[in-house]
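S.K.: This is the structure I want to talk about, given as structure tokens.
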Amino acid sequence: MSFTPPAPPRPGYRGRFAPSPTGPLHFGSLLAAFGSWLLARRAGGEWLVRVEDLDPPREIAGAAGEQLRTLAAFGLHSDGPVLRQSGRGDAYQAALDHLLASGAAFACHCSRSDLADGGGIHRHCVPGAVRATPAFRLRVPPATTIIFDDAIRGHVSQDVGEEVGDFVLKRADGYWAYQLAVVVDDAAQGITDVVRGADLLDSTPRQVLLQRALGLATPRYAHLPLVVDAQGRKLSKSLTALPVDAADPLPALREAWQALGQVALPNIQSVAAMLDVARGAFDPARIPAVAVSVGTDVIDPARDRAI
């Protein structure tokens, strides 16, 4: 399979929500799903769902299906077929082959311990390092600075060469890296607007670099506020996040609406009615650029901890 850049995105708006199946949908993920859905609906555009099942060792059996059922309970339905990254290996390999042929990517035999003295940042390979299966990295020259304007966070600048270095496209264990897969899939699906949590803001410059190396269009970006607990700690899928309650979606939807900085809505008693009202009342200019805290009433009290 050869790599052919897809046609530029068609006019209009096409957004997406892309959860990883590492556990039940928690409130931070709901905020990203709801926020991206609202922005797509306000623009009169499409909203797609993609399952980012790239890392089998971290996946929980049945989590993807449960996440999709939870989204449906909250009235958030994909406008097209759900794309699963686990079936996209040929597309990623074609992109990697293209980068290798152009010299933009290279095979790397360095281990994590080899890079420890440099803070884990790869700028050149350790002489004589040999692994049975190498990783593959994008070559990032020194002083490679990426600048872009985020719709929520404003002007963003990162010296990728200094802060990140040569980054992984395919891991030594054979699994595809998120950075390559997300760029290839956003282009393949014609995504015009990437709306996601601010924890992924630092990844965006790497993705812009990859888009340029592959000759792909760069979408617009908007990074929603992080969700933190009462002590200011970030919610995490693996540590403290609790699942939202799919059996009683309205409390979490109301909390998500408030976390997005929106004005209070009437006391609506159905998910469909709330989404309909929210679609008309939504004001993107009110989305905060700082972290937001969440109350305990938005999680499922029947479960103690997300997987």
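The values are calculated or read from the model by the stated rules, or taken from the named source; none is laboratory data. Owing to the predicted nature of the structure, the values given are computational and were not obtained by experimental measurement. Every residue, glycine among them, receives a Cβ derived from its backbone with ideal geometry; neighbour counts consider all protein chains shown. SASA here: full protein model, heavy atoms, side chains in, ligands and nucleic acids out. Shrake-Rupley method; radii C 1.70, N 1.55, O 1.52, S 1.80 Å.
S.K.: For region 109-209, what mean projected area does the convex hull of the alpha carbons give, in nm²?
M.R.: Average of the hull's projected areas for region 109-209 equals 7.3 nm².
S.K.: Given H placed 1.01 Å from N in the peptide plane, which residues other than close sequence neighbours of SER293 have an amide H under 5 Å from its amide H?
M.R.: Long-range HN contacts for SER293: VAL228.
S.K.: Related question: Using each residue's phi in region 141-152, evaluate 6.51 cos²θ - 1.76 cosθ + 1.60 at θ = phi - 60° and report the 3J(HN,Hα) Karplus result to the nearest Hz, with x for Gly and Pro.
M.R.: So the J values, rounded to whole Hz, are x, x, 6, 8, 9, 10, 10, 8, 9, 8, 4, 10.
S.K.: Could you work out the Rg to Rh ratio of region 61-108, with Rh taken as the Kirkwood radius (inverse of the mean 1/r over all Cα pairs)?
M.R.: 1.24
S.K.: Hey, quick one: spin label on ALA43, modelled 7 Å out along Cα-Cβ, who in region 1-21 has an amide N within reach, i.e. under 16 Å?
M.R.: Under cut-off, by backbone N: 8-18.
S.K.: With a probe of 1.4 Å, find how much accessible area the chain has per residue, and write the answer as a whole number in Å².
M.R.: 46 Å²
S.K.: Taking amide H positions as placed 1.01 Å from N in the peptide plane, with prolines and chain starts having none, which residues 5 or more places from VAL49, or on another chain, fall under 5 Å of its amide H?
M.R.: It is PHE17, ASP79, GLY80, LEU83, by chain and number.
S.K.: Just add up the charged neighbours of ARG153: K/R +1, D/E -1, any other residue whose Cβ is under 14 Å from the Cβ of ARG153.
M.R.: Net local charge, ARG153 excluded: -2.
S.K.: What whole-number distance in Å separates the alpha-carbon centres of region 26-44 and region 153-182?
M.R.: 25 Å
S.K.: Could you run the Karplus curve 6.51 cos²θ - 1.76 cosθ + 1.60 with θ = phi - 60° over region 158-173 and give me ³J(HN,Hα) per residue in whole Hz, x for Gly and Pro?
M.R.: 9, 7, 5, x, 7, 8, 10, x, 5, 10, 6, 9, 9, 6, 5, 7
S.K.: Continuing with the same structure: Which one, THR133, GLN93, ALA104, projects farthest toward the positive side of the charge dipole computed for region 89-151 from Cβ point charges (K/R +1, D/E -1)?
M.R.: THR133
S.K.: To the nearest 20 Debye, how big is the dipole of region 1-65 about its Cα centre, given +1 on the beta carbon of each Lys and Arg and -1 on that of each Asp and Glu?
M.R.: For this selection, approximately 380 debye.
S.K.: Where does the charge balance sit around SER78 when Lys and Arg score +1, Asp and Glu -1, over other residues with C-beta under 10 Å from its C-beta?
M.R.: Taking every Cβ under 10 Å from that of SER78, the sum is 0.
S.K.: Let me ask another. For a test of the definition: using alpha carbon positions, the gyration tensor, and the 1.5 limit on a/c, classify region 67-152 as rounded, prolate or oblate.
M.R.: In terms of gyration-tensor shape, prolate.
S.K.: To the nearest 20 debye, what charge dipole does region 101-159 have about its Cα centre, counting +1 at the Cβ of each Lys and Arg and -1 at the Cβ of each Asp and Glu?
M.R.: 240 debye
S.K.: Looking only at GLN269, GLN179, GLN158, which one moves most when the chain is put into a Gaussian network model with springs between Cα atoms under 10 Å?
M.R.: GLN269
S.K.: Around THR4, with a cut-off of 13 angstrom between Cβ atoms, what is the net charge of the other residues, counting Lys and Arg +1 and Asp and Glu -1?
M.R.: Around THR4, the charge tally is -2.
S.K.: OK, next. Which value, in Å³ per residue, describes the convex hull spanned by the Cα atoms of the chain?
M.R.: Given the Cα convex hull of the chain, per-residue volume reads 143 Å³.
S.K.: Right, something else. Taking the Cα-to-Cβ direction at ARG171 and at ARG286 and moving 7 Å from each Cα, how far apart do the two end points lie in nm?
M.R.: According to this spin-label approximation, the distance is 4.1 nm.
S.K.: For the chain, what is the charge dipole size about the Cα centre, in debye to the nearest 20, if Lys and Arg each add +1 at the Cβ and Asp and Glu each add -1 at the Cβ?
M.R.: 360 debye
S.K.: Determine, from the Cβ-Cβ distance of THR133 and SER113 and an R0 of 25 Å, the FRET efficiency 1/(1 + (r/R0)^6), rounded to the nearest 0.05.
M.R.: 0.90
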